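This report concerns only the one structure given below.
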Amino acid sequence: MKKLIGSTVLLAALVLLTSFFFVKKSEAQVEKSRFLGYEINPLQQELHFYWKNENAVNYKSFQNLKSTLEKENKELVFAMNGGMFNKELSPQGLYIENGETKTKIDTSQSGYGNFYLQPNGVFYVTKKNKPVICTTKIFTGGKHIKYATQSGPMLLIDGKIHPKFRKGSSNVHIRNGVGILPNGNLLFAISNEKTNFYDFASYFKQNGCKNALYLDGFVSRIYLPSKNQNQLEGNFGVIIGETKAK
């Protein structure tokens, strides 16, 4: 009888453990499916920021950028809208391209909209291809910067979720952003479904990012053929893209 009871208890424990494992696994799979992430090592991959072509005309869409690059025997591997923009498709806030400041930094603390949800921040890449994400307040600029785009709000600041985000918020949109992984690589991400700021920031935190920046909301798009994402339409200001020679 004791052996029978012991076997029953052991069987029940195994069933419970197995159920727990599959529930956790299922939850992880669901969480992962909510977001599409793409990792870039800027020391080994060609990352560029784009706004206007050589004729000073906005690229606007991934398709236009892709077509231009093809004429230069280059392939567009990845593209994402790279920050908020004004009605005329000019970058909102700071924008630096190839070391040249195209638009100045916006340090206003009292504007309206997500861009001004303090703290906002700057994502930049140095001429040595080191990526940095920091708050606008501590950004110092300098001739060592190759690319920079300003946006807001920050998603993560020193490993902490933005203090104004609320878990369970009903403020949901398709969102895209960028964070820096523990290995120094960049993590670009877009939500596959409408999500709030808290959950989006949590995605970057779960991947080990200390700092992450929101790039934009309902206009968000990604071009990433390697993951069956072929969105070429859009009407953007700044575009961030990875290229390679054909």
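The table for this structure:
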quantity	calculated
Accessible area of Thr68 in the full protein assembly, 1.4 Å probe (Å², nearest 10)	40
Listed residues Phe78, Phe218, Phe62, most fluctuating in the chain (Gaussian network, C-alpha, under 10 Å)	Phe218
Average accessible surface area per residue within the stretch 49-132, 1.4 Å rolling probe, Å²	53
Viscosity 1.306 mPa s, temperature 10 °C, Stokes-Einstein D of the stretch 137-246 from Kirkwood C-alpha radius, µm²/s	105
Accessible area of the stretch 39-156 belonging to carbon and sulfur atoms, whole % at 1.4 Å probe	46
Cut-off 20 Å (backbone N to label point 7 Å along Cα→Cβ of Gln44), residues of the stretch 62-82	75-79
Tail weight of P(r) past 21 Å, computed on alpha-carbon pairs of the stretch 93-173, percent	32
Surface per residue (accessible, 1.4 Å probe) for the stretch 142-246, Å²	43
Listed residues Asn53, Asn228, Asn192, most fluctuating in the chain (Gaussian network, C-alpha, under 10 Å)	Asn228
Listed residues Val172, Val57, Val219, most fluctuating in the chain (Gaussian network, C-alpha, under 10 Å)	Val57
Radius ratio Rg over Rh of the stretch 59-204, counting only Cα atoms, Kirkwood formula for Rh	0.96
Extension gain, Glu193 back to Lys128 (0.36 nm per residue minus Cα-Cα distance, nm)	19.9 nm
Theoretical gain in end-to-end length, Tyr116 to Glu70 [0.36 nm per residue, Cα-Cα removed]	12.9 nm
Calculated SAXS-style log₁₀ I(q)/I(0) at q = 0.15, 0.17 Å⁻¹ - the chain, Debye, Cα scatterers	-1.01, -1.30
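The values are calculated or read from the model by the stated rules, or taken from the named source; none is laboratory data. On a predicted model such as this, the values are computed, not experimentally measured, just so you know. Every residue, glycine among them, receives a Cβ derived from its backbone with ideal geometry; neighbour counts consider all protein chains shown. Heads up: the accessible areas ignore ligands, DNA and RNA and are worked out on the full protein's heavy atoms, side chains in. Shrake-Rupley method; radii C 1.70, N 1.55, O 1.52, S 1.80 Å.
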